[in-house]
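Everything below concerns the one structure shown next.
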Amino acid sequence: GAVVSQHPSWVICKSGTSVKIECRSLDFQATTMFWYRQFPKQSLMLMATSNEGSKATYEQGVEKDKFLINHASLTLSTLTVTSAHPEDSSFYICSARVAGSETQYFGPGTRLLVL
Amino acid sequence: GNSVTQMEGPVTLSEEAFLTINCTYTATGYPSLFWYVQYPGEGLQLLLKATKADDKGSNKGFEATYRKETTSFHLEKGSVQVSDSAVYFCALSPKLSGGSNYKLTFGKGTLLTVNP
């Protein structure tokens, strides 16, 4: 149980294009989903927290117009990197948690390479 | 604010050696504590957790005990295997009431390599 999937697992795009990453909780309803960014050999940096049906809360220094987050249902959240640039290249990981539980379950990650 | 400090790697061990990865934390109140493992190219997997003082989390031969007096949650395994090679993250989540999203605070991660 508690499986979280991400799609795509990796994506290569040209600079200036937008990329959408999906995060799904497969066997549970996720009250809250989190989006992280991880640079090589570094820890996870929380980008934003999203609750179903409401606007995402972004961490300090994360551009909300750059990284659009939509949490349309209890099993799906999307992260759109708009007008991507090479410095946006990174490993993006989502996680989800159930109401009343503090445990987060992580997706396998999406590797983005912007050329 | 909350913070997690874990021993920096890399840690290299031979198969069947004893493993300890130290983790200490700073937090208000009594947070829940976690160890996550990340295998190469993958996302994080919950390895074990403890939610109150003196609790011991265990899974797959790994153990960690929540020590309030030393604010520590050290990860141990008696006999590591090659398949244990991964990055291990210690994390905490505050127990806050009403409206909390239980944000995780992570340590920097410790790379473990186990050689045959």
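The values are calculated or read from the model by the stated rules, or taken from the named source; none is laboratory data. Model, not experiment: these values are computed from the prediction. Every residue, glycine among them, receives a Cβ derived from its backbone with ideal geometry; neighbour counts consider all protein chains shown. Surface areas here come from the heavy atoms of the whole protein model, side chains and all, with no ligands, DNA or RNA. Shrake-Rupley method; radii C 1.70, N 1.55, O 1.52, S 1.80 Å.
Of the candidates B:A53, B:A64, the single residue that is part of a loop (DSSP other than H, G, I, E, B), of a type in the set (A, V, I, L, M, F, W, C), away from chain A (no Cβ under 12 Å) and free of Cβ contacts under 8 Å to residues at least 60 places away in the same chain is B:A53. Residues in the stretch B:67-92 that are under 12 Å from the mean Cα position of the chain (by Cα) and within 14 Å of chain A (Cβ to nearest Cβ) were compared, and the one that is surrounded by the most Cβ atoms within 10 Å (Cβ to Cβ) is B:C90.
Of all residue pairs spaced 6 or more apart or on separate chains, those with beta-carbon atoms under 7 Å, a first member in the stretch B:31-43 that is small (G, A, S) and a second member that is open to solvent by 10 Å² or more (accessible area, probe 1.4 Å) are B:S32/A:E102; B:S32/B:K49; B:S32/B:T51; B:S32/B:K95; B:G43/A:F106; B:G43/A:P108. Taking the criterion of being of a type in the set (K, R) and either surrounded by 16 or more Cβ atoms within 10 Å (Cβ to Cβ) or under 25 Å from A:Y36 (Cα atoms) (or both), the only residue of the stretch B:39-64 that qualifies is B:K49.
Every residue, every condition in (1) within 12 Å of chain B (Cβ to nearest Cβ); (2) open to solvent by less than 40 Å² (accessible area, probe 1.4 Å); (3) in contact (Cβ under 8 Å) with a residue 12 or more places away in the chain, yes or no:
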| residue | (1), (2), (3) |
| --- | --- |
| A:K41 | yes, no, no |
| A:A48 | yes, yes, yes |
| A:T75 | no, no, yes |
| A:S83 | no, no, yes |
| A:C94 | yes, yes, yes |
| A:L112 | no, yes, yes |
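Only a single criterion out of (1) open to solvent by 60 Å² or more (accessible area, probe 1.4 Å); (2) closer than 25 Å to B:V37 by Cβ; (3) within 14 Å of the chain's Cα centre (by Cα) is not satisfied by A:N70, namely (2).
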